Amino acid sequence: MFEAILLTVITASTPLVLAALGELVTERSGVLNLGVEGMMIMGAACAFVAAQLTGSPYIGILAGILGGGIFSLLFGFLTLTLVANQVATGLALTILGLGLSGQIGEAFVGQPGIKLQPIVFPFLSDIPFFGRILFRQDLIFYVSIALVVGINWFLFRSRTGLKLRAIGDSHASAHALGINVIRTRYLAVMFGGACAGLAGAQLSLVYTPQWVENMSAGRGWIALALVVFASWRPWRILAGGYLFGAVGIGQLHAQIVAQNLGIVIPSQFLSALPYAATIVVLIIISHNRRTTLINTPASLGKPFVPDR
Amino acid sequence: MKKLIIALAASAALMGGFSTGAVAQEKKKVCFIYVGSKTDGGWTQAHDLGRQQLDKALGAKVETPFLENVPEGPDAERAIERMARSGCSLVFTTSFGFMDATVKVAAKFPDIKFEHATGFKAGPNLATYNSRFYEGRYIQGQIAAKMSKKGVAGYIASFPIPEVVMGINAFELGAKSINPNFKLKVVWANTWFDPGKEADAAKALIDQGVDILTQHTDTTAPMQVASERGILAFGQASDMIAAGPKTQLTAIVDTWGSYYIKRTQALLDGTWKSEQIWDGLKDGILTMAPYTNMPDDVKAMAEETEAKIKSGELHPFTGPINKQDGTAWLAAGEKAQDGVLLGMNFYVEGVDDKLPK
């Protein structure tokens with residue numbers, strides 16, 4: 001049973017990890033995009049529709065990534081080129097995404113979806129427990145893990161990553177050094193959109209292979225909280241995402257186990273745990289000023305107008 | 001997107017009174033407030049089908065604008081008020097959680113008629129309407145007891161309100177009428193609408209050993225999980241057979257259309273009165289989806305129970321019934337009062353869960 005529970009936790013955590021990783025890169029470049037929920041639901045709609053039309057969940061994944069990425073360009077254009085307020089634009093992006101995705105998916109409501117099947121490796125997949133958990137997963141799970149490793153390397157070991165962080169910390173200095181702030185930020189925003197789109201694809205192709213309007217049901221907001229929870233560190237996103245997922249699944253099982261034992265655990269309390277944990281972490285990291293300064297991108301959310 | 005257009009239309013009407021010109025006055029507006037999306041495959045879809053039937057029947061005399069995805073809570077009041085101001089003559093608010101908001105707005109607009117689904121607070125211009133879903137749940141319980149090999153069913157619940165508690169109790173009573181030892185595991189998802197969470201709850205129940213699922217949440221995700229794991233399940237609010245052709249035993253299908261037509265006709269005739277209506281299987285406000293994926297004798301039993309409930313011969317809440325803690329509730333032959341059912345805040349014997357307070 002433990003194995004079955006773990007598999008459920010992986011399914012529930014993957015979209016959170018993916019969307020949060022994308023937002024992490026965006027925020028590291030100094031842009032705050034609150035439209036994660038909107039980009040995620042766009043990804044879910046595009047992925048589902050493309051998979052239904054072509055019969056291939058892999059084309060669906062591609063469509064989800066493109067859907068989220070292209071949709072985020074709208075945010076990029078408004079906030080980077082037209083220098084609109086990032087918070088307001090991000091919120092608008094969420095509202096627009098929820099409406100637009102409903103329109104895209106309207107004809108596909110109620111259709112049984114195509115589930116993305118796990119990849120089976122010879123021998124490895126048959127190892128008891130670990131093999132069945134780690135080597136019998138779908139492509140999106142492997143991508144999420146690869147992205148954690150890749151983004152960590154990119155941000156802290158590569159030259160381009162260093163430039164991206166420099167822009168996030170002080171766009172004026174980075175600009176003075178000759179780094180193209182706007183172009184880098186466009187790319188970071190699009191990467192965030194693509195990741196959110198992939199997270200959406202996971203929802204409509206793996207988690208619950210169907211399309212219903214509003215099906216992301218607030219997961220984009222959890223991903224946003226996760227970025228702060230992880231204090232802008234990729235590995236902590238992985239840990240935090242799985243913690244959120246595990247608490248969510250664990251509380252459902254706790255309810256049943258409590259019933260078997262005849263004790264009472266208020267389910268509302270358990271549902272609120274991940275959010276309470278975020279608040280506690282926020283208190284801790286803002287208490288220690290040095291870690292806050294090290295990890296928080298200093299120009300986060302500030303508009304940048306290059307002086308000519 | 002339609003939501004946006006309606007919102008824009010509503011605010012346009014609010015800002016410029018000119019939009020309610022001669023044409024608009026000829027057609028009365030009958031408005032709907034939905035908690036979910038109109039294509040959720042469950043609860044809200046059933047209401048929207050009712051609205052469409054109303055449109056078909058009386059479309060020459062009425063318009064039927066609607067707002068979907070209205071969250072329960074402070075936003076609901078604003079949404080209902082906006083609808084009221086946009087020139088509606090009759091407003092249907094279709095979720096239990098809209099109760100207090102509807103009461104407040106109804107008090108502000110004495111000339112507009114309001115109807116709130118599944119609530120218990122009425123007023124001079126505020127009627128309530130409800131469906132005896134528990135009749136369907138009793139039948140489901142009987143089927144579950146016949147079909148379950150382990151004698152344990154899983155119940156995905158939303159919020160601990162009387163409506164949901166009543167359904168859980170009716171299911172357990174139906175099951176116990178067949179198998180006195182039947183057990184019911186309840187998981188509270190604390191949401192009406194979240195496909196992922198509903199699926200998680202379904203998986204948790206199956207992993208914990210139930211072999212039949214029923215739900216009181218709005219999407220087809222649990223049905224899909226049951227189908228994937230090869231167990232049987234019941235649909236909720238709409239016929240969910242498409243999500244589980246080999247899984248769904250039956251579903252409680254809400255059929256609000258005839259009610260909406262009846263009440264709108266009363267509005268047009270000027271005979272609309274505030275009432276507290278609670279109709280059941282016999283009135284056609286709820287119907288059972290075809291009994292599928294079960295042997296003929298179980299099907300015959302279900303049909304017989306359905307007929308008995310329709311004729312009034314059988315009331316699911318007929319004593320002797322004990323409360324969960326073993327104390328007596330109804331004496332032999334005694335039937336539950338409607339008022340008690342509508343405020344139900346306790347379990348009957350046999351439910352394993354402890355009711356969240």
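Just need a number here: residues in the stretch B:252-282 that are small (G, A, S), surrounded by 18 or more Cβ atoms within 10 Å (Cβ to Cβ) and under 30 Å from B:E26 (Cα atoms).
Result for the stretch B:252-282: 1.
When you scan the stretch A:245-267, how many residues do you find that are small (G, A, S), facing chain B (nearest Cβ under 8 Å) and either touching a Gly at 6+ places or on another chain (Cβ under 8 Å) or in a helix (DSSP H, G or I) (or both)?
3
Could you list all residues from the stretch B:322-340 that are free of Cβ contacts under 8 Å to residues at least 12 places away in the same chain, under 24 Å from the mean Cα position of the chain (by Cα) and part of a loop (DSSP other than H, G, I, E, B)?
Selection gives B:Q337 alone.
Restricting to the stretch B:235-251, and then to whatever is surrounded by 22 or more Cβ atoms within 10 Å (Cβ to Cβ), of a type outside the set (G, A, S) and within 17 Å of B:L281 (Cα to Cα), can you tell me which residue is nearest to the other protein chains (Cβ to nearest Cβ)?
B:Q236
Within the stretch A:76-90, track down each residue that is surrounded by fewer than 16 Cβ atoms within 10 Å (Cβ to Cβ), touching a helix residue (DSSP H, G or I) at 6+ places or on another chain (Cβ under 9 Å) and in a helix (DSSP H, G or I).
A:F77, A:T81
Can you pull out the residues in the stretch B:142-157 that are under 29 Å from A:L270 (Cα atoms) and buried (at least 23 other Cβ atoms within 10 Å of the Cβ)?
Selection gives B:A153, B:G154, B:Y155, B:I156, B:A157.
Applying the selection to the stretch B:164-222, what residues are buried (at least 24 other Cβ atoms within 10 Å of the Cβ), among the acidic types (D, E) and more than 7 Å from every other protein chain (Cβ to nearest Cβ)?
The answer is B:E172, B:E198, B:D218.
Conditions: (1) within 14 Å of chain B (Cβ to nearest Cβ); (2) without any contact (Cβ under 8 Å) to a residue 40 or more places away in the chain. A:V120 meets all but one. Number of the miss?
A:V120 satisfies every listed condition except (1).
So, in the stretch A:100-117, of the ones that are within 10 Å of chain B (Cβ to nearest Cβ) and crowded, with 21+ Cβ neighbours inside 10 Å, which residue ends up nearest to A:V206 (Cα to Cα)?
If we take residues in the stretch A:100-117 being within 10 Å of chain B (Cβ to nearest Cβ) and crowded, with 21+ Cβ neighbours inside 10 Å, then A:G113 is nearest to A:V206 (Cα to Cα).
Which of the residues belonging to the stretch A:173-232 are more than 13 Å from every other protein chain (Cβ to nearest Cβ) and among the hydroxyl-bearing types (S, T, Y)?
Those that are more than 13 Å from every other protein chain (Cβ to nearest Cβ) and among the hydroxyl-bearing types (S, T, Y): A:S173, A:T184, A:Y186, A:S231.
Every number in this text was worked out from the coordinates using simple rules, so none of it is lab data. Note that the structure is a prediction, hence the values are computed from the model and not measured. As a convention, Cβ positions derive from the backbone with ideal geometry for all residues, glycine included, and neighbour counts pool all protein chains shown.
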